[in-house]
Structure formats: C-alpha cells, structure tokens
Amino acid sequence: MTDAPIRLLLADDHPVVRAGLRAVLETEPGIEVVAEAATAEEAVARAGAGDLDVVLMDLQFGVGMTGAEATAAITAGPHAPRVLIVTTYDTDADILPAIAAGATGYLLKDAPPEELAAAVRTAAAGRTTLAPAVADRLMSRLRDPGTALTRRETEVLALVAGGLSNQAVAARLHLTEGTVKSHLARIFTKLGVDSRTAAVATATRLGLIRRMI
C-alpha cells in the first residue's frame, strides 16, 4: 500500500506563476496539485473543504484580502492545512505578519525546484522551512532585539512610506493618533533618525519595509 500523496492548493493571482508552480510540483512523486485559487478569498474558501495538506500562498493579491490575512483565516480552522508562503518579498514588513499569521514556511519565488518540493514535504510534515535570506533576517532580529522594529512599528512605518498621514495611519490600524506618534518616536530612536523621510529611507535600505515603486 502506497502513502497518500501530499495534496496542494496553489494560491496566486498570476496564472503564469500558478502554471509554473504546477509544472514543477506535478513532476514530483507523492505530490498532487488538486486546486488553484486566484484570490486570497478563494484560497480560504477552498482550504475549508478539508481535503488539502498544504497551501502555497502568495502574499500580495490584486485586491481584497492579503496572503497573510488568508493564512490567519486558514490556520485558524479545524484540521487546517499547512500554509507555505511563496513570494518575491523578503522584508520584515512581509515576513513578520505572515509568520505571526501561522505560516509553516516562507520561500522566495526564485527558489530552485528541488528546494520548493522539499519545502512542501517539510510543511506537510509540520516542520518549518525558511528561505536563507528570511532565516538571516530573523536571526538578526534575535541577535539584536533592541534595535529591531516590532511588528506594529513595521506596519506603521510601511503605511508612512505609502504616503499616509499620522491620522490616516491611525484610522487604518485602529489606533489613536497619539499612539502612532509614539510608535514613530520609538522608530526614530531605533533607526537613529529624526524625520519620517529619513526613517523610511533607512528602513528601506535595511530591508525592514518594502521599497515603494
């Protein structure tokens, strides 16, 4: 009697990416792609069917729920499949929310096929796989926690980088404007800067937040 295959859901809003992942993984023994989802909402709904082992989840979808939000929704359910993040983003602003949401692993899309397949098997077994760059970032935070931004500070600064005012950041995160100012003051101290512009520039250079296009 053979072992049952690892059943996958591919969640990414780009059809070409889903096709590429399917082409790589369907050649692997013991792995079966059973469904695809073009939105995070579709992924959450499909994961609730109870017939999946691992969800390969992108972080950014065109509209609606993010990959981190979908990960939290999926992993909160009973008998939930494991969620393996597969994305192009490797900043703290992306990594921390995904791991906090319950992701089992975090890979980058430039990972070689054999690494991707190994990560799927590792995730199905309930163990963690991290891309080397992601592991390095997390280790750096552990070695020097005093200068690392918290998840909330990272969220605040990412919104500031997107052009939002303190008032708008407060509304988006359901905080008071005074709390946002307090977060920014701590961010300035940690980064050794004295302005919002300098904080954004320094955090971007350090890979704490995503470079704005």
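Here are the criteria: (1) in contact with a strand residue (DSSP E or B) (Cβ under 9 Å, 6 or more places away or on another chain); (2) open to solvent by less than 20 Å² (accessible area, probe 1.4 Å). Tell me which single one THR154 does not satisfy.
(1)
Go through ALA38, ALA11 for me and flag whichever is surrounded by 13 or more Cβ atoms within 10 Å (Cβ to Cβ), small (Gly, Ala, Ser) and touching a helix residue (DSSP H, G or I) at 6+ places or on another chain (Cβ under 6 Å).
ALA11
Conditions tested, residue by residue: (1) over 23 Å from LEU157 (Cα atoms); (2) open to solvent by 30 Å² or more (accessible area, probe 1.4 Å); (3) touching a residue at least 12 places away in the same chain (Cβ under 8 Å); (4) touching a His at 6+ places or on another chain (Cβ under 8 Å).
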{"residue": "TYR106", "(1), (2), (3), (4)": "no, no, yes, no"}
{"residue": "PRO112", "(1), (2), (3), (4)": "yes, yes, no, no"}
{"residue": "LEU116", "(1), (2), (3), (4)": "yes, no, yes, no"}
{"residue": "ALA133", "(1), (2), (3), (4)": "no, yes, yes, no"}
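Quick grid of which residues meet (1) within 15 Å of the chain's Cα centre (by Cα); (2) over 30 Å from THR27 (Cα atoms):
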{"position": "THR87", "(1), (2)": "yes, no"}
{"position": "THR129", "(1), (2)": "yes, no"}
{"position": "ALA158", "(1), (2)": "yes, yes"}
{"position": "LEU173", "(1), (2)": "no, yes"}
{"position": "VAL180", "(1), (2)": "no, yes"}
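Can you tell me which residue within the stretch 45-55, out of those that are open to solvent by less than 40 Å² (accessible area, probe 1.4 Å) and touching a helix residue (DSSP H, G or I) at 6+ places or on another chain (Cβ under 6 Å), is nearest to ALA123 (Cα to Cα)?
VAL54
The values are calculated or read from the model by the stated rules, or taken from the named source; none is laboratory data. Note that the coordinates shown come from a computational prediction; the quantities given were computed from them, not determined experimentally. Quick reminder, even Gly has a Cβ in these numbers, built from the backbone with ideal geometry, and neighbours come from all protein chains shown. Just so you know, the surface numbers come from the protein's heavy atoms only, side chains and all, with ligands and any DNA or RNA stripped out. Shrake-Rupley method; radii C 1.70, N 1.55, O 1.52, S 1.80 Å.
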